[in-house]
1. Starting with the fewest neighbours, write out Ser187, Ser256, Ser58 ranked by other beta-carbon atoms found within 10 Å of each beta-carbon.
2. Would you list the P(r) distribution for the range 132-178, with all Cα-Cα distances sorted into 10 Å bins from 0 and each bin expressed as a whole %?
3. Using a Debye calculation, one point per C-alpha and no hydration shell, please list log10 I(q)/I(0) for the range 155-250 at q = 0.12, 0.18, 0.19 Å⁻¹ in order.
4. Mind jotting down a quarter of the surface of the convex hull over the alpha carbons of the range 62-101, in square nanometres, one decimal?
5. So who's got an amide H within less than 5 Å of the one on Leu221, skipping anything under 5 residues away but keeping other chains? H placed 1.01 Å off N, in plane.
6. Taking a temperature of 4 °C and a viscosity of 1.567 mPa s, what whole-number D in µm²/s does Stokes-Einstein yield for the range 159-342 with Rh from Kirkwood over alpha carbon pairs?
7. Would you kindly state how much longer the chain becomes between Asp307 and Thr346 on full extension, computed as 0.36 nm times their sequence separation minus their alpha carbon distance, in nm to one decimal?
8. Please report Rg (one decimal) and Dmax (integer) in Å for the Cα set of the range 77-193.
Amino acid sequence: MTVWMSSLDPAPLLECRGAMEADFTNIPIRRALVFGSMERTTSSICPQSGQTTSTDGSFSHGAGPQKQRIFNWTGILDEVHDFEANTRGVSGGKGAITTAPPGSCGTLAAETQQSLPAGLARPVRELESVPNACTHDFTEMDAFMRTIRPPRGLRTLDPASVARGATLFDSSGGCVKCHGGSGWTASRLFYSPTSATNTALAAAPFSPPPSWPASWNNHTLQIEPQKAASDPGVGAVAPAQVACVLRNVGTFGDPSNANVTTVLEIKTGAAGPGARAQGAGGFNIPSLYGLQVGAPFLHHGLAPSLDALLSDPRWAGHLTAGAPGFAPDASARADLVSFLLSIDATTPELPLPSGLDGCPTTFP
Ligand code: HEC
């Protein structure tokens with residue numbers, strides 16, 4: 001049995017998920033996944049605490065070739081197929097990466113879950129091609145996710161304010177240094193995941209471009225866990241991350257309160273109950289689609305509004321990351337917020353300035 005769920009109202013999603021698990025406990029479930037452009041719920045199922053990212057930002061929707069963002073707030077997944085682990089461990093069900101004797105696929109009791117490689121090691125997509133594999137469901141879901149259209153920008157905005165905000169975003173605020181490029185993020189899948197390529201990336205040196213401040217990223221390999229130096233006293237934090245999409249903008253936990261950070265930034269579930277989460281070394285730059293329906297903001301949701309994100313001193317590291325000293329007054333912030341709320345698939349994308357992309361042009 002294949003169970004799909006979707007909803008346009010974020011509030012009932014987790015309730016629905018719980019109800020479904022209760023209702024279907026006696027019959028085999030292939031999968032239980034929740035998709036939608038408005039899926040921006042606060043949860044504690046991730047290797048770091050917080051908000052689920054919106055699926056419309058997983059792929060770009062502007063002009064030109066479609067780009068895939070690296071997935072997850074900390075850049076630990078490079079294909080839709082990697083969410084098999086969520087299906088099994090969180091949503092519940094058999095999952096879609098299974099094998100069975102010839103003729104038995106579809107009889108879930110006869111299907112055997114394939115063991116999943118850790119994180120960015122062998123791509124899960126390869127497991128769909130082994131002999132006796134039962135489904136290509138994740139390849140089909142990947143195709144579906146590419147079609148999820150971002151919500152339309154707000155239509156009630158003052159065009160002059162939006163235009164002033166775009167200028168702040170592009171020049172004086174330096175936001176474009178990270179949120180430029182297709183899909184409003186510099187984060188991009190720059191390689192075709194295969195076992196050989198991912199293994200090579202885990203041994204390939206990473207050096208940030210000279211234009212990046214040292215604080216943005218201290219990784220030294222293209223694929224590796226968070227460095228020990230990022231979170232003194234904690235040590236390196238697994239799993240491996242795609243280095244070039246991460247930027248440390250000082251948003252790990254609550255920078256004004258170490259106790260809040262300690263209780264907030266923990267892993268849950270099989271990933272290590274209570275262990276320290278990733279993020280002190282930086283986060284995977286999010287897309288800026290769907291901000292109209294996206295509050296609260298940041299991976300942990302501690303910024304209740306876009307104005308709070310731009311005015312609360314706790315997030316000054318992010319505000320000034322692209323332009324040290326950037327200090328917009330209330331009216332400039334309102335313009336910037338207008339522009340952010342106007343962004344949708346039809347907004348002309350602003351290119352990432354040269355020298356700011358830290359990902360290899362090609363690999364291998
Ligand atoms: C150095 C890179 C960098 C620069 C420059 C930068 N950002 Fe960000 N931005 C990030 C990262 C990384 C996050 C995610 C941080 C987190 O969740 O803890 C983020 C998060 C956001 C979010 C929240 C998205 C969400 O879904 O919660 C918004 C909105 C945003 N940035 C807008 C801006 C604006 C406006 C500017 C310019 C004033 C800017 N950013 C400058 C890297 C950057």
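1. Values: Ser187 28, Ser256 10, Ser58 21.
Ranked by crowding around the Cβ, least crowded first: Ser256, Ser58, Ser187.
2. Going out from 0 Å in 10 Å bins, the range 132-178 shows 20, 23, 24, 19, 10, 4 percent.
3. Relative scattering, expressed as log10 I(q)/I(0), comes to -0.53, -0.93, -0.99.
4. Working: hull surface 18.9 nm².
Taking the Cα atoms of the range 62-101, their convex hull projects to 4.7 nm² on average.
5. Phe206
6. Numbers: Rh = 17.6 Å.
D = 73 µm²/s.
7. Values: separation 39, 0.36 × 39 = 14.04 nm, distance 2.36 nm.
Full extension from Asp307 to Thr346 adds 11.7 nm.
8. 20.7, 64
Every number in this text was worked out from the coordinates using simple rules, so none of it is lab data. None of the values given here were measured: they were computed from a predicted structure. Virtual Cβ from ideal backbone geometry, glycine too; neighbours counted across all protein chains shown.
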